[in-house]
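J.: Before we start, here is the structure in question, set down as structure tokens.
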Amino acid sequence: MSHIWIMIAKRLGLGVVTLFVVSLIIFLGTELLPGDFAQEILGQAATPETVAALRERLGLNDPMHIRYINWLTDIARGELGVSLANGQSVSDLIGRRLGNTLLLALYAAAIAVPLSLMLGILAALFRNSFFDRFANASALTSISFPEFFVAYILIFFLAGAGGVFPSISNFRTDPSFDEFLYRAFLPALTLTLVVTAHMMRMTRAAIINLLASPYIEMARLKGMSPMRIIVKHALPNALAPIINVIALNLAYLITGVVVVEVVFVYPGLGQLMVDSVAARDMPVVQGVALVFAAAYVLLNLTADVLATLSNPRLVHRR
Amino acid sequence: MGFLTGLFWLAAVIVGAMAAGWVFRTAVIAVSPHGVAREFRTMPLTAGFGLLMIVIYVLVAVFAPAIAPFSETAIVGREYQAWDNVHLLGTDNLGRDMLSRLIYGARNTVGIAFATTALAFILGSVLGLLAAVVGGWLDQLLSRMVDVLMAIPALIFALLLLTIVGTSVINMILVIAVIDATRVYRLARAVAMNIVVMDYVEAAKLRGEGLWRLITREILPNALAPLVAEFGLRFCFVFLTISALSFLGLGIQPPTADWGSMVRDNATLISFGDITPLLPAGAIALLTVSVNFVVDWQLHRASGLRE
């Protein structure tokens with residue numbers, strides 16, 4: 001039993017190192033930014049004295065490694081700096097929108113994960129049938145579609161003239177839960193359609209890979225029903241790859257929200273990031289990129305740990 | 001009733017596409033020499049359709065000035081004109097001819113995506129093969145660097161880098177090429193790793209073959225099949241990323257006609273039930289689907305030959 005914990009601890013350690021390196025890359029972003037950071041904040045009209053004073057105040061005269069350590073400690077305290085565009089605190093800007101983005105991703109995942117697992121199992125059960133072929137072809141097609149295409153098709157059919165759902169999900173600051181579900185339905189559905197195909201295909205592949213094993217043959221010879229064989233015998237062993245694929249797609253959801261948020265004018269992190277990139281508002285971009293990257297690394301980490309834990313041979317190793 | 005009509009049109013489109021694929025396949029088999037024709041006989045209808053579409057896209061891209069009725073930047077009418085005889089697909093938000101911009105978009109968007117993929121491929125596969133052949137500290141250094149770069153989601157990383165270097169077409173090509181080269185590197189290294197341990201490579205080393213010759217003559221020919229399939233998949237990813245960035249207003253800049261930004265510029269029409277803005281998005285989707293169909297066939301063929 002202790003072996004598994006050492007393994008997980010190692011993986012966690014690796015995750016921390018990755019996060020650390022990611023933060024270093026994001027920090028170097030400001031270093032590589034052409035021009036003077038203080039000048040950029042104050043604008044061209046600033047006198048050399050005020051620029052020098054701001055440089056002193058922001059600690060821009062310190063050597064790079066000192067500034068990196070300062071930056072890291074600031075992040076640990078939740079201070080991400082000040083936006084160049086409007087002087088607001090980046091932490092506040094992100095804090096206001098992070099919840100929205102997570103809710104949207106969660107909404108999409110709550111639809112997509114059960115749906116794709118079910119479709120994957122059905123496709124494995126009725127493999128090589130018309131249903132399977134159709135599911136496969138539509139999966140291949142939907143992977144090839146740009147997110148905004150899916151989004152606008154949904155808007156065309158479900159919103160707009162005579163539509164049921166709003167094409168813009170720019171809700172007031174604090175919508176009720178029902179209103180949120182209604183307003184965020186189209187963005188969530190778009191994200192669902194984008195990720196379901198891949199998850200379904202991988203679930204099907206993971207199960208079918210196992211169907212040639214002797215113990216499945218045995219179960220079949222015992223006279224078990226195909227549904228029972230797949231759900232009771234194949235599925236538990238296919239869990240590790242399936243968990244991996246789900247985590248991968250959740251991580252994809254995190255980046256997929258960027259485009260979808262812009263289409264639906266959804267007040268989330270992606271929208272904030274796109275606006276800030278256009279304005280070259282480095283502190284905000286840094287902050288948002290850090291949040292996205294951290295979420296991505298953490299999800300992959302969780303997937304690895306869960307996949308390890310789902311394998312009894314690794315948990316009860318002698 | 002509306003649902004049934006939709007279903008009918010969907011079925012009609014699928015049947016039409018398959019018929020086009022069949023006609024194209026028959027034509028290709030008829031005109032190509034015997035050895036090549038045998039290859040095409042194994043082609044499924046989906047791949048035939050995909051190949052036909054790719055050929056059409058390339059033709060449109062190459063002959064864009066000859067086909068397009070108007071210039072890509074000229075303002076030729078009022079804004080948002082409806083479809084008529086002069087402007088077959090109407091005009092866009094500035095009064096430019098939609099059809100002409102769609103045609104020029106094939107040249108710009110696909111051309112830029114292709115150049116980016118090629119760049120990513122050269123960078124990634126050269127480094128990957130080099131890492132596999134040389135091994136040791138070079139392999140360690142490159143692989144760890146790639147690991148770190150891959151730890152950040154691609155689109156977010158692209159946005160971060162674009163903030164640093166500023167948004168322009170050249171910058172976007174370089175940024176996306178670097179990010180995608182990491183994925184190519186992974187594959188090239190993994191494939192080459194299996195080849196490097198072969199006896200004939202050992203023999204070539206003992207014969208005193210140089211590094212460059214070893215890579216190009218001994219390893220590359222055997223690693224080519226998976227790399228070519230990967231090129232198709234990579235192209236789709238790059239194409240979608242560039243379209244997404246252009247859609248977000250951070251990629252190909254106006255007034256260049258480009259499918260991603262065309263969707264963005266005309267998106268308001270969709271709420272009024274006009275499908276014109278969906279056409280450029282559909283053009284993107286159709287090309288990626290086509291490439292995927294062909295890659296699927298190639299992968300299937302490659303795995304079939306190996307068994």
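Every read-out reported here was derived from the displayed coordinates using simple, explicitly stated rules and does not represent laboratory data. The structure displayed is predicted, hence computed values, not measured ones. FYI the Cβ positions are ideal-geometry reconstructions off the backbone, even for glycines, and counts take in every protein chain you see.
J.: Just the residues that are assigned to a helix (DSSP H, G or I), surrounded by fewer than 17 Cβ atoms within 10 Å (Cβ to Cβ) and among the small types (Gly, Ala, Ser), please, taken from the range B:15-64.
T.: If the condition is that a residue be assigned to a helix (DSSP H, G or I), surrounded by fewer than 17 Cβ atoms within 10 Å (Cβ to Cβ) and among the small types (Gly, Ala, Ser), then B:Gly16, B:Ala19, B:Ala20, B:Ala27, B:Ala30, B:Gly35, B:Ala37 are the ones that fit.
J.: Going by what's in this entry, would B:Ala192 be described as closer than 23 Å to B:Gln140 by Cα, touching a residue at least 12 places away in the same chain (Cβ under 8 Å), in contact with a Gly (Cβ under 9 Å, 6 or more places away or on another chain) and of a type in the set (Gly, Ala, Ser)?
T.: yes
J.: For the range A:101-149, which positions are part of a loop (DSSP other than H, G, I, E, B) and within 11 Å of chain B (Cβ to nearest Cβ)?
T.: Within the range A:101-149, A:Phe145, A:Pro146 meet the criteria.
J.: Shifting gears a bit: Among the residues of the range A:71-100, how many are touching a strand residue (DSSP E or B) at 6+ places or on another chain (Cβ under 7 Å) and assigned to a helix (DSSP H, G or I)?
T.: Residues that pass the stated criteria total 1.
J.: Filter the range A:238-256 for residues that are of a type in the set (A, V, I, L, M) and more than 10 Å from every other protein chain (Cβ to nearest Cβ) and give the result.
T.: A:Ala238, A:Leu239, A:Ala240, A:Ile242, A:Ile243, A:Val245, A:Ile246, A:Ala247, A:Leu248, A:Leu250, A:Leu253
J.: Among the residues in the range A:274-291, are any in contact with a strand residue (DSSP E or B) (Cβ under 7 Å, 6 or more places away or on another chain) and either farther than 30 Å from A:Ala159 by Cβ or surrounded by fewer than 20 Cβ atoms within 10 Å (Cβ to Cβ) (or both)?
T.: yes
J.: Conditions: (1) closer than 30 Å to B:Val169 by Cβ; (2) in contact (Cβ under 8 Å) with a residue 24 or more places away in the chain; (3) among the aliphatic types (A, V, I, L, M). B:Leu59 meets all but one. Number of the miss?
T.: Of the numbered conditions (1) closer than 30 Å to B:Val169 by Cβ; (2) in contact (Cβ under 8 Å) with a residue 24 or more places away in the chain; (3) among the aliphatic types (A, V, I, L, M), the odd one out for B:Leu59 is (2).
J.: Continuing with this model, one more query. Quick one: which helices (runs of 4 or more DSSP H) sit completely within the range A:204-317 and have at least 2 residues that are within 26 Å of A:Trp5 (Cα to Cα)? It would help to see each step written out before you state the result.
T.: Numbers: elements: A:214-221, A:235-263, A:269-279, A:282-309, A:312-315.
Counting at least 2 such residues, we get A:235-263, A:282-309, A:312-315.
J.: While we're looking at this one, here's another question. Considering only the range B:163-196, how many residues are more than 20 Å from A:Tyr252 (Cα to Cα) and within 14 Å of another protein chain (Cβ to nearest Cβ)?
T.: Residues in the range B:163-196 being more than 20 Å from A:Tyr252 (Cα to Cα) and within 14 Å of another protein chain (Cβ to nearest Cβ): 9 in total.
J.: Every residue in the range B:95-139 that is in contact with a strand residue (DSSP E or B) (Cβ under 8 Å, 6 or more places away or on another chain) and in contact (Cβ under 8 Å) with a residue 24 or more places away in the chain, please.
T.: B:Arg96, B:Asp97, B:Met98
J.: Still on this structure, please answer the following. Which residues, taken from the range B:202-212, are part of a helix (DSSP H, G or I) and not basic (Lys, Arg)?
T.: Those that are part of a helix (DSSP H, G or I) and not basic (Lys, Arg): B:Glu202, B:Ala203, B:Ala204, B:Leu206, B:Leu211, B:Trp212.
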